[in-house]
Amino acid sequence: MSSQPSLNHWWMPFTANSEFRRAQRPRLIGAASGTHYVADDGRELIDGMCGLMCSPCGHSRPEIARAVAQQLEHMSYVPAFQVGHRLGFELSERLVAMAPAGLTQVFYGNSGSEAVETALKIALAYHRKRGEAQRTRLVGRERGYHGVNFGGMSVGGILANRDAFGQGLPGVVHLSHTWHPQHRFSDGQPKTMGREMADELEAICRKIGGHNIAACIVEPVAGSTGVLVPPVGYLERLREICNEHGILLIFDEVITGFGRLAAPFASQRFQVTPDLLVLAKGISNGAIPMGAVMVAERIYETLSDQGQASGIELFHGYTYSAHPAACAAALATLDIFDRECLIERAHGLEEQFQSAARSLRSLPVVTDVRGLGMMAGVDLEPLMESGKRGLATLQALYDAGVLVKFTADTMLIGPALVIEPNEITLLFERIGNVLADLA
């Protein structure tokens with residue numbers, strides 16, 4: 001195998017491929033360990049995003065690698081259709097113990113995108129089983145990201161993700177996003193406008209009929225479009241409205257789950273329990289693709305006729321649902337969470353992390369900083385073309401030994417929960433130095 005592969009045949013996702021291939025020094029990663037990547041040229045990079053917020057336990061954990069290798073040697077695959085295996089049930093039991101009370105069933109997929117599709121289909125099936133087949137409308141939110149399959153793309157609120165593919169699912173309505181200029185440079189949750197913003201769902205119910213809406217899906221904190229922290233009272237009011245109109249509330253916690261907000265799930269941080277909770281990323285520390293939906297007991301009971309059904313309750317699933325190697329990776333990940341008290345650790349690091357993020361506010365190029373837990377978003381003054389500033393800054397940070405994610409001109413920061421205090425300091429020092437040079 002050539003040590004210098006051609007860069008011509010991998011069509012990379014969400015990437016400016018032409019620019020990447022033309023680069024004299026393309027951003028190629030050769031290794032990863034703990035909170036660092038090693039570039040192909042040997043330079044060490046602080047990973048400010050733990051992948052794509054996939055690896056809260058840090059990269060290349062030997063415990064997870066051993067668990068996966070042993071499982072592959074013991075049983076590399078078993079179908080999940082009419083046949084089960086112990087790891088799938090063991091993992092489900094541990095997830096239920098970790099999740100908000102009332103979410104008692106777990107349905108597995110292989111990614112956040114698949115988990116969102118699953119949650120939407122469960123919501124539609126639930127209402128049909130209850131004799132409310134007219135509930136076909138879905139409510140998403142602007143600047144929301146719910147994956148790239150047709151359901152998730154449709155309820156998602158990123159226009160660029162839909163432009164090339166047409167309308168998507170019919171009948172989808174979007175709430176306004178939760179960022180407001182009044183909330184610039186807020187510490188944690190903005191204190192105003194929360195219930196007023198959520199009341200838009202009530203207005204939608206009056207307009208199209210709440211009895212026609214199957215589900216409302218939101219990220220508790222919108223992650224991919226810039227860490228949009230909900231104002232105080234916003235999620236609570238959404239829950240109230242959904243209860244009043246019989247709408248299922250879906251929380252997409254692909255990013256906010258597994259300690260990102262210094263709680264097992266954002267649902268617990270905000271003390272708002274959804275009807276369905278979507279998981280991926282941190283569930284297996286990014287080692288093996290996996291996604292899941294946690295489902296309220298009453299939804300499962302309805303679809304299974306209170307446990308009396310003799311046939312298939314839900315005609316949905318994936319060849320690799322609860323793949324044995326993915327389950328082994330997830331169980332090893334949860335063992336690390338327990339052994340190293342990572343959720344408590346995130347709670348202890350939150351103030352230093354958020355303070356370091358707030359230190360960027362004084363830089364002229366920075367137009368907003370916001371965050372909660374171990375995630376932060378930093379808006380930069382755009383150049384003439386949206387995203388141009390972000391791409392240039394991504395490269396400058398990479399050259400300075402930092403890897404983060406950009407959505408247009410917004411920087412996303414969310415390191416592994418095993419990051420050390422001195423590494424947080426170094427991470428933001430490097431970011432600050434690069435941003436200062438942009439002014």
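The values are calculated or read from the model by the stated rules, or taken from the named source; none is laboratory data. Computed from a predicted structure; not experimentally measured. Positions of Cβ are backbone-derived with ideal geometry, glycine not excepted, and every protein chain shown enters the neighbour counts. For the accessible areas, the whole protein counts, side chains as well, though only heavy atoms, and no ligand, DNA or RNA atoms are used. Shrake-Rupley method; radii C 1.70, N 1.55, O 1.52, S 1.80 Å.
If the condition is being open to solvent by 50 Å² or more (accessible area, probe 1.4 Å) and of a type in the set (Asp, Glu), then segment 381-413 contributes 381, 385, 399. Only one entry in 273, 256, 319 is farther than 29 Å from residue 79 by Cβ, surrounded by fewer than 24 Cβ atoms within 10 Å (Cβ to Cβ) and among the β-branched types (Val, Ile, Thr), namely 273.
Can you confirm whether residue 262 is touching a residue at least 40 places away in the same chain (Cβ under 8 Å) and either part of a loop (DSSP other than H, G, I, E, B) or of a type in the set (D, E, K, R) (or both)? Spelling it out, residue 262 is indeed touching a residue at least 40 places away in the same chain (Cβ under 8 Å) and either part of a loop (DSSP other than H, G, I, E, B) or of a type in the set (D, E, K, R) (or both).
Yes/no per residue for (1) at pLDDT below 95; (2) out of contact with any Leu (no Cβ under 7 Å at 6 or more places or on another chain); (3) among the charged types (D, E, K, R); (4) more than 28 Å from residue 341 (Cβ to Cβ):
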site: 220; (1), (2), (3), (4): no, no, no, no
site: 230; (1), (2), (3), (4): no, yes, no, no
site: 245; (1), (2), (3), (4): no, yes, no, yes
site: 249; (1), (2), (3), (4): no, no, no, yes
site: 274; (1), (2), (3), (4): no, no, no, no
site: 279; (1), (2), (3), (4): no, yes, no, no
site: 286; (1), (2), (3), (4): no, yes, no, no
site: 300; (1), (2), (3), (4): no, yes, no, yes
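Considering every residue within segment 57-71, establish whether at least one is more than 20 Å from residue 280 (Cα to Cα) and either aromatic (Phe, Trp, Tyr) or not in a helix (DSSP H, G or I) (or both). No: segment 57-71 contains no residue that is more than 20 Å from residue 280 (Cα to Cα) and either aromatic (Phe, Trp, Tyr) or not in a helix (DSSP H, G or I) (or both).
Residue 15: open to solvent by less than 70 Å² (accessible area, probe 1.4 Å), without any contact (Cβ under 8 Å) to a residue 60 or more places away in the chain, among the polar types (S, T, N, Q) and closer than 21 Å to residue 406 by Cβ, yes or no? Spelling it out, residue 15 is indeed open to solvent by less than 70 Å² (accessible area, probe 1.4 Å), without any contact (Cβ under 8 Å) to a residue 60 or more places away in the chain, among the polar types (S, T, N, Q) and closer than 21 Å to residue 406 by Cβ. For residue 150, state whether it is within 19 Å of residue 111 (Cβ to Cβ), in contact with a Gly (Cβ under 7 Å, 6 or more places away or on another chain), open to solvent by 30 Å² or more (accessible area, probe 1.4 Å) and of a type in the set (Phe, Trp, Tyr). Criteria met by residue 150. Every test in (1) of a type in the set (Val, Ile, Thr); (2) surrounded by fewer than 20 Cβ atoms within 10 Å (Cβ to Cβ); (3) free of Cβ contacts under 8 Å to residues at least 60 places away in the same chain is passed by residue 378 save one, and that test is (2). Only one entry in 243, 212 is touching a Lys or Arg at 6+ places or on another chain (Cβ under 6 Å), polar (S, T, N, Q) and at negative phi, namely 212. Residues in segment 331-359 that are free of Cβ contacts under 8 Å to residues at least 40 places away in the same chain and of a type in the set (Lys, Arg): 339 only. Pairs meeting the criteria (first residue in segment 78-95 and among the β-branched types (Val, Ile, Thr), second residue part of a loop (DSSP other than H, G, I, E, B) and surrounded by 13 or more Cβ atoms within 10 Å (Cβ to Cβ), beta carbons under 6 Å, at least 6 apart or on different chains) are 78/85. For segment 102-116, residues that are surrounded by fewer than 24 Cβ atoms within 10 Å (Cβ to Cβ) and part of a helix (DSSP H, G or I) total 1.
For segment 25-42, the count of residues that are surrounded by fewer than 17 Cβ atoms within 10 Å (Cβ to Cβ), in a loop (DSSP other than H, G, I, E, B) and at pLDDT 95 or above is zero. In the set (1) assigned to a helix (DSSP H, G or I); (2) open to solvent by 50 Å² or more (accessible area, probe 1.4 Å), residue 302 fails one condition alone, (2).
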